[in-house]
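Asks: Sharing a structure below in structure tokens format, with a few things to ask.
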Amino acid sequence: MGLKKTLILGYDAVSSLGTELETQWQRAAAGESGVGPLTRFALSDDFPVRVAGEVPEIDSGPYPFLQPREMAHWTSPIFRYALLVVHRALQRSGIEITPDIAPRVAVTFSSAVGGLDAVLQADRLMVSQGKLPHPFTNPNSCINMVGGKVSIMSKATGPICSTITACATGVTSLIMGEMLLQRNMADVVIGGAVDFPLVEPIVAGFVTMNGAYRPKEGQPGEPPEKTSRPFSVNRRGFVVSEGAGCVILTTDEFAKAHGLKSNIELAGWSMTSDASHFVAPNLATVQRCIEESITNAGLKAKDVNAVNAHATSTKVGDKVEADALRNIFGKHIPPVSANKSQMGHAMGASSAIETILAMEGMHKETLLPTINYLPDQDIEIDCVAEGARKLKQEFVLKNAFGFGGCNSCILLRRTG
């Protein structure tokens, strides 16, 4: 069976940079940061994290599925933001999911963290007031429920699965969708991810495992917008953030038959497992994932025009990614953008949002900057530190790596 081309029809995102895609792009291109003070819960004097990437609040607007009555029981923010980006991505795609195509529309939209905030709230009420959980507590916390709600809203009745690979979840959802298209199990896929992990024990847990940013002991806090600094010599961990991103995939056959336009192709991909440490990345398997995604697209390393990095701002993670790029590209590493420098780390949603920003950059022939950068002599890369850069890009590599050694990389191609 010959391979079909997998096309990107539409996408949408929310992040700490804003809730409208064009606003997010303009802020990112201007070198701004979405990181600010952490306000999602009351902070004690000794709570170690004071900064976060928070998504601005949205109202129900003209959307029936976001009206208070519809959302009354869906208290976790993952649902309203997921439904919003999926609805807008479908609008941009030009697809109307009618009863005749609904059985061929798959959902791989997922979440790495899910609605754990609902469980925490229920537990606190049980302890403090002896109240039993609300009947929607478990549905809110069930990780695959976000895909279920997407299916209900969109009326898609094709295959549905939750592709959870920690921080790589967004990209993995696109890879799983591509598999369904190639196996002729679907004609359209609703992919992407959502995460709103600014929940007190989750944020604190990232600190105790030395992942989340905090200032050096005994030193004053830094301005929030300066705290996320991938590849920088003074990087001190990731800034925990929120966000959602949806990408609509289809085949070239379906697009042609329905008069749908696309000029971005998912040209290649790979997934590997580190089979090593539970959080520290393994250079050999990270490198193999990147190499295989390039080969899977029928390319050589020299064909890649730019890299959208995973780059969380951790000491070990950034170094391994940079070493893998050096080993693959030698002295000719393409320019590397690290979007988390501007929006923080939205867990599984990050790679979906970053894929969307990469595609916007391909359309606009612009590379987004890596802000807050101070050179590290052990990391020799061009990370577009001077500000947004004009560059025509035919092929862009997107890297995503997650806890548990889950590596997912895709190769995007601009076709027009």
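The values are calculated or read from the model by the stated rules, or taken from the named source; none is laboratory data. Please read these numbers as outputs of a predicted model, since none were measured by experiment. Note: ideal-geometry Cβ built from the backbone for every residue, glycine included; neighbour counts use all protein chains shown.
Asks: Within segment 280-294, can one find any residue that is touching a strand residue (DSSP E or B) at 6+ places or on another chain (Cβ under 8 Å), closer than 27 Å to residue 113 by Cβ and of a type in the set (Ser, Thr, Tyr)?
Replies: Checking segment 280-294: at least one residue is touching a strand residue (DSSP E or B) at 6+ places or on another chain (Cβ under 8 Å), closer than 27 Å to residue 113 by Cβ and of a type in the set (Ser, Thr, Tyr).
Asks: Given the criterion modelled with pLDDT of 95 or more, more than 30 Å from residue 262 (Cβ to Cβ) and buried (at least 21 other Cβ atoms within 10 Å of the Cβ), identify the matching residue among 107, 113, 86.
Replies: Of the residues listed, the single one that is modelled with pLDDT of 95 or more, more than 30 Å from residue 262 (Cβ to Cβ) and buried (at least 21 other Cβ atoms within 10 Å of the Cβ) is 113.
Asks: Okay, moving on. Which ones in segment 295-305 are surrounded by fewer than 24 Cβ atoms within 10 Å (Cβ to Cβ) and either in contact (Cβ under 8 Å) with a residue 60 or more places away in the chain or not in a helix (DSSP H, G or I) (or both)?
Replies: Within segment 295-305, 296, 297, 298, 299, 300, 303, 305 meet the criteria.
Asks: Let me ask something additional. Condition test on residue 143, is it assigned by TED's automatic domain parsing to the domain that holds residue 31, crowded, with 19+ Cβ neighbours inside 10 Å and in contact with a Ser or Thr (Cβ under 8 Å, 6 or more places away or on another chain)?
Replies: The answer is no for residue 143.
Asks: Could we say that residue 158 is under 23 Å from residue 408 (Cβ atoms) and either touching a residue at least 60 places away in the same chain (Cβ under 8 Å) or in contact with a strand residue (DSSP E or B) (Cβ under 6 Å, 6 or more places away or on another chain) (or both) here?
Replies: yes
Asks: Under 30 Å from residue 206 (Cα atoms), touching a Lys or Arg at 6+ places or on another chain (Cβ under 7 Å) and surrounded by fewer than 22 Cβ atoms within 10 Å (Cβ to Cβ), is that true of residue 315?
Replies: Here the answer is yes, as residue 315 does meet what is asked.
Asks: Still on this model: List every residue pair whose Cβ atoms sit under 8 Å apart, with the two residues 6 or more apart in sequence or on different chains, where the first one lies in segment 99-110 and is under 19 Å from residue 192 (Cβ atoms) and in the same structural domain as residue 143 (by TED's automatic domain parsing) and the second, anywhere, is acidic (Asp, Glu) and surrounded by 15 or more Cβ atoms within 10 Å (Cβ to Cβ).
Replies: So the pair list comes out as 104/187; 105/187.
Asks: Can you find a residue in segment 148-160 that is of a type in the set (Gly, Ala, Ser), at pLDDT 95 or above, surrounded by 23 or more Cβ atoms within 10 Å (Cβ to Cβ) and more than 20 Å from the chain's Cα centre (by Cα)?
Replies: yes
Asks: Same structure, new question: Quick check on residue 285: is it out of contact with any helix residue (DSSP H, G or I) (no Cβ under 7 Å at 6 or more places or on another chain), at negative phi, without any contact (Cβ under 8 Å) to a residue 60 or more places away in the chain and β-branched (Val, Ile, Thr)?
Replies: No, not satisfied.
Asks: Among the residues of segment 241-271, which ones are polar (S, T, N, Q) and under 18 Å from the mean Cα position of the chain (by Cα)?
Replies: Of everything in segment 241-271, those that are polar (S, T, N, Q) and under 18 Å from the mean Cα position of the chain (by Cα) turn out to be 241, 270.
Asks: Let me ask another. Which residue is nearest to residue 357 (Cα to Cα), if the candidates are limited to segment 1-26 and must be out of contact with any Asp or Glu (no Cβ under 9 Å at 6 or more places or on another chain) and modelled with pLDDT under 95?
Replies: 3
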